[in-house]
Amino acid sequence: MKIYFLYVRGKYMRNAQAYLYGSIDADIHDESAYDDWQDIFGDLLLMEFNEDSTKVVRKKIRELYPCADMRIFKLVMVSAKKIKEVRV
């Protein structure tokens, strides 16, 4: 089993924002938090796949996004035996 990460290439992104300031315990959708939302840029991680082959992953992508030009995506395979999410 391999791990694949599917990204949307940054140049095909528009109007993407992330809550980058303030506490996440606050009401992040309150009007007072408006300026805490910042535009973000770069490739956006869209999805993770755990599959045996790239062929299977490509098929799933086409099923999920049948109208998308596949060139907007970047597919990255991770071949490490162990992947660990670490605290930021």
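No lab work stands behind these numbers, since they all come straight from the coordinates. Note that the structure is a prediction, hence the values are computed from the model and not measured. Here the Cβ positions follow ideal geometry from the backbone for every residue, glycine too, while neighbour counts run over all protein chains shown.
Taking log10 I(q)/I(0) by the Debye sum over Cα atoms at q = 0.14, 0.15 Å⁻¹ as the quantity of interest, determine which of (i) -0.56, -0.62; (ii) -0.69, -0.76; (iii) -0.51, -0.57 was computed from the displayed structure.
Here log10 I(q)/I(0) by the Debye sum over Cα atoms at q = 0.14, 0.15 Å⁻¹ agrees with entry (ii).
Simple spin-label model, 7 Å along Cα-to-Cβ: ARG58 to TYR19 in nm?
4.0
Within the set of other residues whose C-beta is less than 14 Å from the C-beta of GLN17, count the net charge using Lys and Arg as +1 and Asp and Glu as -1.
Details: positive: ARG14; negative: ASP35, ASP36, ASP39.
It works out to a net charge of -2.
Does anyone have the angle between helix 54-64 and the longest principal axis of the chain? Alpha-carbon axes, 0 to 90°, nearest 10?
Tilt relative to the chain: about 50 degrees.
Below 26 Å, Cα to Cα, which lysines can LYS81 reach? Residues fewer than 8 away in the same chain don't count.
LYS2, LYS55, LYS59, LYS60
Could you pull out every residue, at least 5 positions away or on a different chain, whose amide H is within less than 5 Å of the one on LYS2? Hs are placed 1.01 Å off N in the peptide plane, and Pro or chain starts have none.
GLU51, ASP52
Taking Cα pairs under 8 Å and at least six residues apart, what relative contact order does the chain come out at, in percent?
Details: 102 pairs, mean separation 42.7, N = 88.
Value for the chain: 49 percent.
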